[in-house]
Amino acid sequence: MTRILGISGSLRAASFNTALLRAARRAAPEGVEIEIATLHGIPLYDGDLEAATGIPEAVDALKARIRASDALLLATPEYNNGMPGVLKNAIDWLSRPAGELRQLFGGRPLALMGASPSGFGTLLAQAAWLPVLKSLGVQVWPGKSLMLSRAHQSIGADGEIVDEAALKTIADFVAGYAASLEGR
Ligand SMILES: Cc1cc2nc3c(=O)[nH]c(=O)nc-3n(C[C@H](O)[C@H](O)[C@H](O)COP(=O)(O)O)c2cc1C
């Protein structure tokens, strides 16, 4: 069984990005399991807090889930043409204490995707992530792009992605990523 940990960069209950991860989870091929993590409970990074009380519980719990996975799948919102602070903040915590970054992320496969109501579907946020992901030492999957544009039009009344074309794009993306992980 290949275990992929999906991390949503949105805290919203009705998040398009978390919905994207749920659709990816449903589309996972045989032998692949996608779990979904959210970033609730992670405080803002503060060096004084770290010095006084160490790594917060919510961060340690996420680290354990990352270690238990074979690969990562980041679903990033786009805020003001860049990455959301919530997700960058979580990555900053995950990189602590010093030296942790390479141990936790080094060589770990990661695929990036995102959903937004705009016509560009997180294009700029995904581009902004690339130098950060390089610093983590992850192996970014170069196979396909998944930028779900006009996400609000793909979502049904139940908050799930129902648009057939979008679901096919998601399924193709997940299948491609899963295939890239085979035999690792
Ligand atoms: C502060 C802020 C800035 C935003 N900037 C952008 C943007 O630059 N590009 C974009 O496509 N959407 C932008 N949006 C809209 C988000 O894509 C939208 O709120 C989306 O639903 C967020 O993802 P989520 O549904 O997973 O929470 C912005 C939203 C907020 C709250």
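The values are calculated or read from the model by the stated rules, or taken from the named source; none is laboratory data. For clarity, every value in this text was computed on a predicted model and none was experimentally measured. Methodologically, a virtual Cβ is constructed for each residue, glycine included, from the backbone with ideal geometry; neighbour enumeration extends over all protein chains shown. Side chains are part of the model used for accessible areas, which takes the heavy atoms of the whole protein and leaves out ligands, DNA and RNA. Shrake-Rupley method; radii C 1.70, N 1.55, O 1.52, S 1.80 Å.
I need the peptides 134-140, 159-165, 149-155 ranked by packing, meaning the mean over residues of other C-beta atoms within 10 angstrom, with the highest value on top.
Highest mean packing first, the order is 149-155, 134-140, 159-165.
Just the number please: accessible area per residue for the chain, 1.4 Å probe, all protein chains included, in Å².
48
Between Asn81 and Glu35, what length comes free when the chain is fully extended (0.36 nm per residue of separation minus the Cα-Cα distance, one decimal in nm)?
13.8 nm
Find the relative contact order for the range 1-135 and round it to a whole percent, using C-alpha pairs within less than 8 Å whose residues are 6+ positions apart.
Here the relative contact order equals 30 percent.
What shape does the range 1-70 take by its C-alpha gyration tensor, where a ≥ b ≥ c are the square roots of the eigenvalues and a/c under 1.5 counts as rounded, a/b above b/c as prolate, and the rest as oblate?
It is oblate, given that a/c is not under 1.5 and a/b is not larger than b/c.
How large is the dipole of the range 43-133 about the Cα centre if only Lys and Arg carry +1 and Asp and Glu carry -1, each at its Cβ, rounded to the nearest 20 debye?
Dipole size: approximately 320 debye.
Once the cut-off is 24 Å, how many percent of the Cα-Cα pairs in the chain end up in the long-distance tail?
34
Probe radius 1.4 Å, ligands and nucleic acids left out: which of Thr2, Thr38, Thr122 has the largest accessible area, and how do the rest follow?
Numbers: Thr2 35, Thr38 60, Thr122 0 Å².
Reading off the accessible areas and sorting them downward yields Thr38, Thr2, Thr122.
Where the only charges are on Cβ atoms (+1 Lys, Arg; -1 Asp, Glu), what is the dipole of the range 2-181 about its Cα centre, to the nearest 20 debye?
About 340 debye.
Shape call for the range 108-184 from the C-alpha gyration tensor, a ≥ b ≥ c root eigenvalues: rounded (a/c under 1.5), prolate (a/b greater than b/c) or oblate?
oblate
Using the alpha-carbon centroid of each, what span in Å lies between the range 1-34 and the range 77-92?
Cα centroid to Cα centroid, the span is 18 Å.
Roll a 1.4 angstrom probe over the protein heavy atoms and tell me the percent of accessible area of the chain that is carbon or sulfur.
Carbon and sulfur: 53 percent of the exposed surface of the chain.
Near Lys63, which lysines are there with a Cα under 26 Å away, not counting those fewer than 8 places off in the same chain?
Hits, sequence-local ones excluded: Lys88, Lys134.
Taking the 0 to 90 degree range and rounding to the nearest ten, how far is the long axis of helix 164-181 tilted relative to the main principal axis of the chain, both from C-alpha atoms?
Helix 164-181 and the main axis of the chain meet at about 50 degrees.
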